[in-house]
Number of protein chains: 2
Amino acid sequence: MPDLRKDPLTGRWVIIATERAKRPRDFHNDSARLESSYSPFSAGNEAATPPEIRRYSDGRDPDGADWTVRVIPNKFPALRVEGEMGGHADGVYDAMDGVGAHEVIIETPRQGEQLEELPDWHMELVLHAWRDRIVDLKNDKRLKCAVVFKNHGAAAGASLEHAHSQLIALPLVTTELELEFAHSSAYMNLRGRSVFTDMIAQELDAQERVVYEDAHVVAITPYASRHPFEVWLMPRAPYAAFEVSDQPTIGATARALKAVLGKLAAALDHPSYNMMLYSAPFGAEHAPHYRWRLRVQPKLYRLAGFEHASGFTINPTPPEVAARHLREIDSTGR
Amino acid sequence: MPDLRKDPLTGRWVIIATERAKRPRDFHNDSARLESSYSPFSAGNEAATPPEIRRYSDGRDPDGADWTVRVIPNKFPALRVEGEMGGHADGVYDAMDGVGAHEVIIETPRQGEQLEELPDWHMELVLHAWRDRIVDLKNDKRLKCAVVFKNHGAAAGASLEHAHSQLIALPLVTTELELEFAHSSAYMNLRGRSVFTDMIAQELDAQERVVYEDAHVVAITPYASRHPFEVWLMPRAPYAAFEVSDQPTIGATARALKAVLGKLAAALDHPSYNMMLYSAPFGAEHAPHYRWRLRVQPKLYRLAGFEHASGFTINPTPPEVAARHLREIDSTGR
């Protein structure tokens, strides 16, 4: 059973993998190369993965594959579904059993096909898979929130080349979500409005950092971008949780995400990137002060000692400069 | 002038480099290789660096170099010393002029010599340089705290091979320090004791995670290690700030750091690493609930989407396993 342990100095939790612990020699061969010849995620290799949780098949696959998007449990999960939830003290420290879910969303039956290359209807199926898995995992009352993320490219921490995203559902609310809830809630208490509403209004008015907009969603390079060419994609309507968004918003998100990833690929020569979905914790889906967002973070530089020690980052590209470059590329990536 | 900008959702600040902004093509050639043939930091190349702030020369250099440790301003500073401190609003956002200091501590006149290879007296001079620079920068009333850090190896974000550490002094207290102050202060309010006192007592009693100890300092792999083989080095006496430590503590820290870095180099085949000094903000040097510590974090894996989104990490090596490996290596690195 993995162990969830709390740092007494910061309140942050760490998942300690107690089984198959990595020893010093295991790190020596940790190269940054991806396995790219054989993919266990390709159509035809279904037996190489754990039994599937769900498949999406819309019959429109160009190669006639049986499925378009497929959800499976992670073969090497960070947390375990089995077990009772419960915290315990360990002297001065606090710990918890590592209960949770860790799933993989295979975004395409074809290795080498990238997320931004998928047609709109296929991209939308990926987002439906995220939504459906969150909705289903909410039935497990031990779980408090879900983190959907995608690591693309070896530099961004991917270990397989085949396009996929992941979902980790946790028995506690993440520190980042707690921090964002605290700040957005304080803002609403003080000013009577959502910080997201004010922020989006200011951005649309200034047009300095807007990368993409339509009737349902907006994408910006945020004012205090932690990383160069970071992009936030948010709904215009005040949905605190991704899974309560209406269908037009999900459809628009699919088109916007395809445009944003296409622009980043063209501007930065297909960079490695991390993508993260920030969405309200389970039970707070209608918090008026919060709003979900997708954060895309190209991996262009390394976090180092200063960033670790301070929690601050040094961003060498002002978001206004990044937005100008991204706006100049049309949404088909040219 | 660099811009300090605050993320309205987390309260974290970002240093935005507004001069010489990096454009997309600047990232294409960002390789992980270090310049290793010529070093501007070597004895004899003093003219290649900005004018020095201070030098330490104890006349014992084996090659007869003029200096042993040398402090210079960073040639490409993240913050600027000139200018008035002042915050301003930018609509919904908050910003501040990027005032601060960014210095480099050249740890040896010889390229290729590593910090852990220095004799005790030389290692102690490096720590004296850190302490003296903090004490001097405190006279600048615009500054609120100093972060001393070291990036060793390309994977840890170093751009020069020659052994050096850095110091950034900031016009505000870092988010991490604020978080640690809040947690350690709450602990003392609740229990009447310092969390550091309790933690060190428990670790010395259990001996499961102790890597090094003497009469003045203790080094452990922390209970909730965020990274594999992470080590914390702390004084036994309740010094909240590094610069108020007494001489025996500084001397013991030099010997302990040499031992810890030697053990990590031997166990992990000379890994890249980040080292960070956490020390009380200026004016809070005697806070009874806090204690300074050195954190050494070998760079063995990549932070990815889950870690960014959650603030949690997944650590594949339990600290008990890491400590066992490090204890088995004697302090001369064999």
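Just so you know, all these numbers are worked out from the coordinates, no wet-lab data involved. Owing to the predicted nature of the structure, the values given are computational and were not obtained by experimental measurement. All Cβ positions, even for glycine, are placed from backbone atoms using ideal geometry, and neighbour counts span all protein chains on display.
List the residues, sorted by chain then number, that are 5 or more residues from B:Asp90 or on another chain and whose placed amide H is less than 5 Å from its amide H.
Under 5 Å from the amide H of B:Asp90 lie the amide H atoms of B:Ala95, each far enough along the sequence or on another chain.
List B:Lys138, B:Lys258, B:Lys75 from most exposed to least, where exposure is judged by having the fewest other Cβ atoms within 10 Å. Walk me through the numbers before you get to the answer.
Details: B:Lys138 18, B:Lys258 23, B:Lys75 11.
Listed from fewest to most nearby Cβ atoms, that is B:Lys75, B:Lys138, B:Lys258.
For the stretch B:130-193, what's the radius of gyration and Dmax over Cα atoms, in angstrom?
Rg and Dmax of the stretch B:130-193, Cα atoms, are 15.7, 46 Å.
Kindly write out, for the stretch A:298-315 in residue order, the coupling ³J(HN,Hα) from the Karplus curve 6.51 cos²θ - 1.76 cosθ + 1.60 (θ = phi - 60°), rounded to whole Hz, with x marking Gly and Pro.
x, 8, 10, 8, 9, 5, 10, x, 4, 5, 4, 6, 9, x, 8, 10, 10, 10
Could you point to the residue in A:His286, A:Trp232, A:Gln247 farthest towards the positive end of the protein assembly as shown's charge dipole, with +1 and -1 charges on the Cβ of Lys/Arg and Asp/Glu respectively?
Value: A:His286.
Which value at 222 nm does chain B reach when only helices count, each DSSP H run of 4 or more adding -39,500 (n - 2.57), with the total divided by all residues and rounded to the nearest 500 deg cm²/dmol?
-8500 deg cm²/dmol
Using Cα-Cα distances under 8 Å and only pairs 6 or more residues apart, what relative contact order does the stretch B:176-328 have, in percent?
After rounding, I find 31 percent.
Under 5 Å between amide H atoms, partner at least 5 residues away or on a different chain: which partners does A:Thr317 have, H built in plane at 1.01 Å?
B:Ala17, B:Lys22
Ignore the peptide's own chain and count Cβ atoms of other chains within 10 Å of each Cβ in A:224-230; give me the average, rounded. Spell out each step's value before the answer.
Working: counts 17, 4, 7, 2, 8, 3, 1.
The per-residue average across the peptide is 6.
I'd like to know how the stretch B:176-328 sits against the 2.2 N^0.38 Å rule of thumb: what's its Cα Rg over that expected value?
This ratio for the stretch B:176-328 stands at 1.03.
Build a GNM of chain A with springs between Cα atoms under 10 Å: which of A:Pro235, A:Pro281, A:Pro248 gets the top mean-square fluctuation?
Most flexible of the set in this elastic network: A:Pro248.
Of the candidates A:Thr317, A:Thr18, A:Thr253, which one comes out as most mobile in a Gaussian network treatment of chain A with C-alpha springs shorter than 10 Å?
Comparing A:Thr317, A:Thr18, A:Thr253 in the GNM, the peak value goes to A:Thr18.
What net charge do the residues around A:Trp13 carry, taking every other residue with its C-beta under 13 Å from that of A:Trp13, with Lys and Arg at +1 and Asp and Glu at -1?
After counting each charged neighbour, the total is -2.
Report Rg(Cα)/(2.2 N^0.38 Å) for chain A, keeping two decimals.
1.00
Would you please calculate the Kirkwood hydrodynamic radius of the protein assembly as shown over all C-alpha pairs and express it in Å, rounded to one decimal?
26.1 Å
Which whole-Hz couplings ³J(HN,Hα) result when phi for each residue of the stretch B:129-142 is put into the Karplus expression 6.51 cos²θ - 1.76 cosθ + 1.60, θ = phi - 60°, listed in order with x for Gly and Pro?
4, 4, 4, 5, 5, 4, 4, 5, 5, 4, 5, 7, 6, 6
Compute and list, largest first, the equivalent-ellipsoid semi-axes of the stretch B:3-172 from the alpha carbon gyration tensor, each √(5λ) rounded to a whole angstrom. Can you show the working numbers first?
On the way: eigenvalues 200, 83, 36 Å².
They are 32, 20, 13 Å, listed largest first.
Roughly how many nanometres apart are two label points built 7 Å out from the Cα toward the Cβ at B:Lys141 and A:Asp269?
5.1 nm
For each pair in A:Lys299/B:Lys150; A:Lys6/A:Lys258; A:Lys141/A:Lys258; A:Lys258/B:Lys6; A:Lys75/A:Lys141, compute the distance between the two Cα atoms and list the pairs where it is over 27 Å.
A:Lys6/A:Lys258; A:Lys141/A:Lys258; A:Lys258/B:Lys6
Which residue is it, in chain B, that holds its beta carbon closest to the axis of the B-onto-A rotation, and how many whole angstrom away?
That would be B:Leu303, 3.
One decimal, nm, shortest first: give the distances between the label point of B:Gly283 and those of the same position in the other copies, each label point 7 Å from Cα along Cα→Cβ.
The projected label point of B:Gly283 is separated from its counterparts by 3.9 nm.
Using the alpha-carbon centroid of each, what span in Å lies between the stretch A:226-256 and the stretch A:120-198?
Cα centres, the stretch A:226-256 to the stretch A:120-198: 11 Å.
For Cα pairs less than 8 Å apart in space and 6+ apart in sequence, what is the mean separation divided by the residue count of chain A, i.e. the relative contact order in percent?
Contact order relative to length: 16 percent.
What whole-number distance in Å separates the alpha-carbon centres of the stretch A:70-110 and the stretch B:40-60?
52 Å
Under a GNM of chain A (C-alpha, springs under 10 Å), which listed residue has the highest mean-square fluctuation: A:Lys263, A:Lys22, A:Lys150?
A:Lys22
Shortest first and in nm to one decimal, what separations exist between A:Asp205 and its copies in the other chains, measuring from label points 7 Å along the Cα-to-beta-carbon line?
The answer, with the shortest distance listed first, is 5.9 nm.
In chain A, what percentage of the DSSP-assigned beta bridges are antiparallel, given to the nearest 5?
Roughly 95 percent of the beta bridges in chain A run antiparallel, per DSSP.
Taking amide H atoms as placed 1.01 Å from N in the peptide plane, list the residues 5 or more away in sequence, or in a different chain, whose amide H sits under 5 Å from that of A:Val211.
The answer is A:Ala219, A:Ile220, A:Thr221.
Determine, from the Cβ-Cβ distance of A:Ala47 and B:Ala215 and an R0 of 45 Å, the FRET efficiency 1/(1 + (r/R0)^6), rounded to the nearest 0.05.
Here the calculated transfer efficiency is 0.15.
What is the average number of partner chain Cβ atoms found within 10 Å of a Cβ in A:181-189?
2
What percent antiparallel are the DSSP beta bridges of the protein assembly as shown, to the nearest 5?
Among the beta bridges of the protein assembly as shown, antiparallel pairing accounts for roughly 90 percent.
I need the inter-copy label distances for B:His128: point set 7 Å along Cα to C-beta, values in nm with one decimal, smallest first.
Here B:His128 shows inter-copy label distances of 7.1 nm.
Among residues other than A:Gly100 whose Cβ falls under 10 Å from its Cβ, what is the net charge (Lys/Arg +1, Asp/Glu -1)?
+1
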